[in-house]
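Notes follow the structure.
The values are calculated or read from the model by the stated rules, or taken from the named source; none is laboratory data. This is a predicted model, so every value here is computed, not measured. Counting neighbours? That spans all protein chains shown, and the Cβs are built from the backbone with ideal geometry, glycine included. Side chains are part of the model used for accessible areas, which takes the heavy atoms of the whole protein and leaves out ligands, DNA and RNA. Shrake-Rupley method; radii C 1.70, N 1.55, O 1.52, S 1.80 Å.
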Amino acid sequence: WFHFRTFLFGVLLCGMEHRSLRFGCVCASNQNRSMEAHDLFLKNGLDVKSYGTGSSVKLPGQSMHQPNVYAFNTPYQTMLEDLEAQDKDLYAQNGVLRMLKRNSNIKRAPERFQDTSNK
């Protein structure tokens, strides 16, 4: 994050015409790192898209060996409701519900980079 924030500060400080720049953020499931960066870019007025690169969206489950698995393009709100129904206290405690709420305020659903035509 240090390098990204330094870059972003440099873009804004130098007065670069950042409106002509487009940014893409990636992580495996388009949930945590890519969405945190997506949010930060948006808050600074930059044109950004975020993607996952895995075969599916994986979130922590009730054990390390049983993740919750969703298809890309499953709405964040659907995931949120599913996990609340499974064990609201567990997923609130580990921060997954907060993350999904943040994500749903940014965009509708996680997107898989390999399936996107507008790159």
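Just one of the numbered conditions (1) surrounded by 15 or more Cβ atoms within 10 Å (Cβ to Cβ); (2) free of Cβ contacts under 8 Å to residues at least 60 places away in the same chain is not true of G52: (2). Scanning the stretch 68-99 for residues that are over 15 Å from N30 (Cβ atoms), open to solvent by 50 Å² or more (accessible area, probe 1.4 Å) and not in a helix (DSSP H, G or I) yields one hit, N94.
Among the conditions (1) open to solvent by less than 60 Å² (accessible area, probe 1.4 Å); (2) touching a Gly at 6+ places or on another chain (Cβ under 8 Å); (3) within 26 Å of S20 (Cα to Cα); (4) not aromatic (F, W, Y), K107 misses just one, which is (2). Looking across the stretch 40-49, just one residue is in contact with a helix residue (DSSP H, G or I) (Cβ under 7 Å, 6 or more places away or on another chain) and either closer than 14 Å to R108 by Cβ or surrounded by 18 or more Cβ atoms within 10 Å (Cβ to Cβ) (or both), and that is V48.
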